[in-house]
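Taken together, the values in this text are just the output of simple stated rules run on the coordinates, not laboratory data. Nothing here was measured: the structure is a model prediction, and the numbers come from that model. All Cβ positions, glycine included, derive from the backbone under ideal geometry; neighbour counts span all protein chains shown.
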Amino acid sequence: CTWLVERAREGIPNSTLPQLDITRAISVGLVLGAFILFAIVGNIVVILSVACNRHLRTPTNYFIVNLAIADLLLSFTVLPFSAALEVLGYWVLGRIFCDIWAAVDVLCCTASILSLCAISIDRYIGVRYSLQYPTLVTRRKAILALLSVWVLSTVISIGPLLGWKEPAPNDDKECGVTEEPFYALFSSLGSFYIPLAVILVMYCRVYIVAKRTTKNLEAGVMKEMSNSKELTLRIHSKNFHEDTLSSTKAKGHNPRSSIAVKLFKFSREKKAAKTLGIVVGMFILCWLPFFIALPLGSLFSTLKPPDAVFKVVFWLGYFNSCLNPIIYPCSSKEFKWACHLRGNGTQAERRLGSSFHFLPASLGQTLHCLPMSTSQIKKSRLKNFLGKIWIHVTKQHT
């Protein structure tokens, strides 16, 4: 900030500089600085978690890493200058850098939102087609999808650099988002409304499939079609420490055994609704106000919100980049387990984590819905139990 202030005063008469409120500048700077630091650290942790844990290097987590990269670039290249603009009250780096800053802002925010869209599609495929998922979503396809995210983001963000913007103000100390009406409408549709529609549809489908799967699990049977053959998985055990796997040829076993009751007797619908509500709700809460204010204010000057209100909704969208490292990776048991392994590093825990890694998305999401009152030891044993079951099933069908 000291460098920015010195740069601001070079060659500019003091009479033309806005009066700086030191108290306000310090308070706003501390708040925004803490926010930026949290976003940087959170997204770096996500990237390192995947880079340092081989079992997390999956196509699904590639999308989460791409989300973290987009948010990290935003935190490094955009937010410090946005914070300086808020603290000082004017732009200090000239017109050319203002245009570049605005374009990079749109690029990173769009890539972040499109990454959320890609994650929603990936999770739907993982839940709906759990057995076919490894062949449907390969690393090569995931990388191509991520490249498409950045290509689309570049197409949406490059318009103002090519002249698709309103005339530049005479005062170089003014800098903001492009409010050219048709570009504002175009960017709002491509960066928010179309991805939002996809996210809502995908997560609604995820909830429907999860609800249907839960009913099958509560009955003790989960059926999935693969290569026109029906696979019936029955889970039962004599007690918590002894478990066996029965195929469709086995008969006479009670699907509602003690282990099945302990594992599947919980409110899956409530947990799924809560998790998806947080994911979709926070995304809408952070970005919807901005993408309502921007196109309406650009198309109709009478509907343009006051500057103070626009600044709030402007930073509210940025806040989503701070929440993403919490909502997605930190709600994943795999990411939490990876951190636990790095802290303890025992061989038994590593074997347990490896077993859990082979679970399909449908069974993995079931584990996510265990009641919070269940002890950590029981969770670990259940993960190990399901991991052994899934490995046994895949061996029989390969």
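Specify whether the C-alpha gyration tensor of segment 36-126 places it in the rounded, prolate or oblate class, a ≥ b ≥ c being the square roots of the eigenvalues: rounded for a/c under 1.5, otherwise prolate if a/b is larger than b/c and oblate if not. Judged from the Cα gyration tensor, segment 36-126 comes out prolate (a/c at least 1.5, a/b above b/c).
Ordered by packing density, taken as the mean number of other Cβ atoms within 10 Å over each peptide's residues, highest first, how do 94-104, 301-311 rank?
Details: 94-104: 15.8, 301-311: 11.7.
Highest to lowest by the protection proxy: 94-104, 301-311.
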